[in-house]
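Chemist: My questions will all concern the structure given below.
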Amino acid sequence: MKKFAALQTKYLAQGIKEENIEYAISAVMDGSKREHILENLVADYRGMNTIEANQMK
């Protein structure tokens, strides 16, 4: 994930948890559909809301 360091830094500065950033990056790399990724990001245990999740483009 070293090549995604700049992306992680950007989202960490926006207040997004590192574990959520890492999940999103790995889900994209695995080829998950956007809707599925957003669903998982806004799950209760992740603590994100829909607006935050949609801003991770």
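The values are calculated or read from the model by the stated rules, or taken from the named source; none is laboratory data. Because the structure is predicted, anything quoted here is derived from the model rather than measured. Reconstructed Cβ throughout: ideal geometry from the backbone, glycine too, with neighbour counts over all protein chains shown.
Chemist: What residue, among those in the stretch 1-18 that are touching a residue at least 24 places away in the same chain (Cβ under 8 Å) and farther than 13 Å from Gln55 by Cα, is farthest from the chain's Cα centre (by Cα)?
Modeler: Here the residue is Met1.
Chemist: Restricting the stretch 28-57 to residues that are among the hydrophobic types (A, V, I, L, M, F, W, C) and not in a helix (DSSP H, G or I), which is farthest from Ala6 (Cα to Cα)?
Modeler: Just the residues of the stretch 28-57 that are among the hydrophobic types (A, V, I, L, M, F, W, C), to begin with: 28-29, 37-38, 41-43, 48, 51, 53, 56.
Add one more test, that the residue is not in a helix (DSSP H, G or I), and what stays is 42-43, 48, 56.
Values: Val42: 23, Ala43: 25, Met48: 21, Met56: 13 Å.
So, considering only residues that are among the hydrophobic types (A, V, I, L, M, F, W, C) and not in a helix (DSSP H, G or I), the one farthest from Ala6 (Cα to Cα) is Ala43.
Results for (1) touching a helix residue (DSSP H, G or I) at 6+ places or on another chain (Cβ under 6 Å); (2) at pLDDT 90 or above; (3) of a type in the set (Val, Ile, Thr), shown as yes or no for each residue.
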{"residue": "Gln8", "(1), (2), (3)": "yes, yes, no"}
{"residue": "Glu18", "(1), (2), (3)": "no, yes, no"}
{"residue": "Ile21", "(1), (2), (3)": "yes, yes, yes"}
{"residue": "Met29", "(1), (2), (3)": "no, yes, no"}
{"residue": "Ser32", "(1), (2), (3)": "no, yes, no"}
{"residue": "Tyr45", "(1), (2), (3)": "no, no, no"}
{"residue": "Thr50", "(1), (2), (3)": "no, no, yes"}
{"residue": "Asn54", "(1), (2), (3)": "no, no, no"}
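Chemist: Also, I was wondering about something else. Among what's in the stretch 3-17 and is of a type in the set (A, V, I, L, M) and in a helix (DSSP H, G or I), pick the residue that is surrounded by the most Cβ atoms within 10 Å (Cβ to Cβ).
Modeler: Taking the stretch 3-17 and keeping what is of a type in the set (A, V, I, L, M), we get 5-7, 12-13, 16.
Narrowing further to those that are in a helix (DSSP H, G or I): 5-7, 12-13.
Values: Ala5: 9, Ala6: 7, Leu7: 14, Leu12: 12, Ala13: 8.
Ranking the candidates gives Leu7 first.
Chemist: Against the condition outside any loop (DSSP other than H, G, I, E, B), in contact (Cβ under 8 Å) with a residue 24 or more places away in the chain and either polar (S, T, N, Q) or surrounded by 12 or more Cβ atoms within 10 Å (Cβ to Cβ) (or both), how does Ile25 come out, does it pass?
Modeler: Details: outside any loop (DSSP other than H, G, I, E, B): yes; in contact (Cβ under 8 Å) with a residue 24 or more places away in the chain: yes; either polar (S, T, N, Q) or surrounded by 12 or more Cβ atoms within 10 Å (Cβ to Cβ) (or both): yes.
Against the criterion (outside any loop (DSSP other than H, G, I, E, B), in contact (Cβ under 8 Å) with a residue 24 or more places away in the chain and either polar (S, T, N, Q) or surrounded by 12 or more Cβ atoms within 10 Å (Cβ to Cβ) (or both)), Ile25 qualifies.
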